[in-house]
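What follows is a set of notes on a single structure, which appears directly below.
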Amino acid sequence: MNYHLTSFGCQMNDHDSERMKGLLESLGYREAAVRDEADLILFNTCTIRGSADDRFLGNLGEARRIKRENPDVVVAVGGCWAQSQKAQVFSQFPFVDIAFGPGELARLGELIARERIEAVGAFSFDGAFSGTLPAKRERPHHAWVQISVGCNCVCSYCIVPSVRGKERSRDARQILDEVERLATDGVREVTLLGQNVNSYGRDLPKDDRVSFAELLRGVGSIPGIWRVRYTSPHPKDMREDVIAAMVETPTLCEHVHLPAQSGSTRVLRRMRRTYSRERYLELLARIRDGIPDVSVTTDLIVGFPGETDEDFADTLSLVREAEYDGAFTFVYSARPGTEAAEAMDDDIPPALKSERIQALVDAVHATSRSRAQRFVGADHEVLVEGPSRTDPTRLRGRLRQNITVNFSGDAAPGTLTMVTITGASSTTLAGEQVGVPATA
Ligand code: SAH
Ligand code: SF4
Ligand code: F3S
């Protein structure tokens, strides 16, 4: 039997998709190269913005066509969109055989066996984190490690808490054991994952309670693991002890993804982010003081209900003041059931939203391009990932600061090598491996 999986959304879904693949392969399934050749068509969905729904529904239409031609094909839909639709999936899309939420991944095998059983319901986590399932990793030397699921925040625009449930931390011993196994397996870099990683541990029983900073130190001292990253922290939970752990643990990389969402305190309050622009900038200053040469990235939303020209100007000025190395920028999208969708008018006209996102993208490019110049002319440690995506005669790797480098050289994937950085765009660097003559 062959399966074909399409994954949408964030790193949690990337993680879960690797587990779905691992689970299916442990059941004897093999990955099909194209959707048309699969006996099982599987989607891991996202519903964070309206555009995520649209993208998935386009793909689902394609699955409908395949199933019409071959009724034996099984169509399965997992993830956040499925959870948000619950049983409606089956009435709206009768050709879907299986639907399940992000908390029901461990039951995928059983669901395939009992095909056409309605699986979407309450969050039935049955004590299992998807992190306990076998994985088929996309990058052999990198692994996603789930440390918590769900989110207890109440950001007024966000649908995640309603589809991923309350925050639950995974037992620290389980996490450390997993990373030790990964190291034995040749993994050199891990990224700890959670919707709000730095509130990790607060829900654990007192005797087993480990803070995020302690967990970072623990993971960071496992032999064989050279680089440790994490995403995403919430600014409100970013404590001194985390900064100290990053400073004192050599494997913890100099990169912080610190989602700001807006540069306007007034908008931040309406978003229920629980920090002001000033507190955010103070935190950033402490991070920059503590961690030399740290790179900082963020998430920003434009067009939130009631966002004035002045509010938007505050977001633009935040980008310049914070000097981001990169940012994910989004147009606000009203999500069903969220506070912002229910209680606030989506009143920014689409044309103004596009004008603002364009101006924001330009501002981010300007700061990231100028920030990237600091690497040019110096040698930097790169973890090699494989051939360059644009030019297979070159290699691709990453700086500790999480910036991608395309370079000429002969180093093997999964090794560390020194690269002289020769050029920089706003998103990637170019370079030459030290000691290897550049190919003409
Ligand atoms: N838990 C993570 C990621 C949440 S989703 C965090 O809090 O950082 C990733 C990003 O999508 C968010 O940071 C936010 O910038 C954006 N986002 C979430 N809901 C959105 C919405 N309704 N409209 C536009 N962007 C949204
Ligand atoms: Fe959504 Fe906010 Fe939780 Fe992030 S912290 S997942 S933006 S509710
Ligand atoms: Fe999307 Fe779910 Fe992640 S809604 S952004 S896949 S948590």
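Worth a mention:
- Cβ distances below 4.7 Å define possible disulfide partners, and in the chain the cysteines left without one are CYS10, CYS46, CYS80, CYS151, CYS153, CYS253.
- Net charge, ASP309 excluded, C-beta distance under 15 Å - Lys, Arg +1, Asp, Glu -1: -3
- 13 Å beta-carbon shell around THR420, net charge (K/R +1, D/E -1): -3
- 26 Å Cα-Cα threshold exceeded, pairs from LYS166/LYS236; LYS21/LYS67; LYS67/LYS166: LYS67/LYS166
- Per-pair calculated FRET efficiency, R0 = 35 Å: ARG114 and ARG389 via Cβ, rounded to 0.05: 0.30
- Near the amide H of GLU307, within less than 5 Å, lie no amide hydrogens of residues on another chain or at least 5 residues away, with H placed in the peptide plane.
- If you sort the three axes of the alpha carbon gyration tensor as a ≥ b ≥ c, you get a/c under 1.5 for the chain, which makes it rounded.
- Full-extension gain in nm, ARG272 to ASP241, via 0.36 nm per residue minus C-alpha separation: 8.7 nm
- Rounded Å value of the spacing that divides the Cα centres of the range 75-105 and the range 267-283: 36
- Other residues within the sphere of radius under 11 Å centred on the Cβ of ARG270, judged by their own Cβ, net out at +1 (K and R +1, D and E -1).
- Shape analysis of the range 1-82 places it in the oblate category; the axes a ≥ b ≥ c from the Cα gyration tensor give an a/c of at least 1.5, with a/b not above b/c.
- Sorted by Cβ neighbour density within 10 Å, fewest at the top, the residues TRP144, TRP226, TRP81: TRP226, TRP144, TRP81
- In the chain, helices alone account for a calculated mean residue ellipticity at 222 nm of -10500 deg cm²/dmol, with every DSSP H run of four or more residues adding -39,500 (n - 2.57).
- Beta bridges assigned by DSSP with both partners in the chain are antiparallel in approximately 30 percent of cases.
- Cα centroid separation, the range 192-212 to the range 387-439 (Å): 36
- When the square roots of the Cα gyration tensor eigenvalues are ordered a ≥ b ≥ c, the ratio a/c for the range 246-380 is 1.5 or more and a/b exceeds b/c, which makes its shape prolate.
- Distance between modelled label sites at GLU381 and ALA412, nm, 7 Å Cα→Cβ extension: 2.0
Computed from the coordinates by the stated procedures, all read-outs in this text should not be read as laboratory data. Predicted, not measured: the structure shown is a model, and the values here were computed from it. Virtual Cβ from ideal backbone geometry, glycine too; neighbours counted across all protein chains shown.
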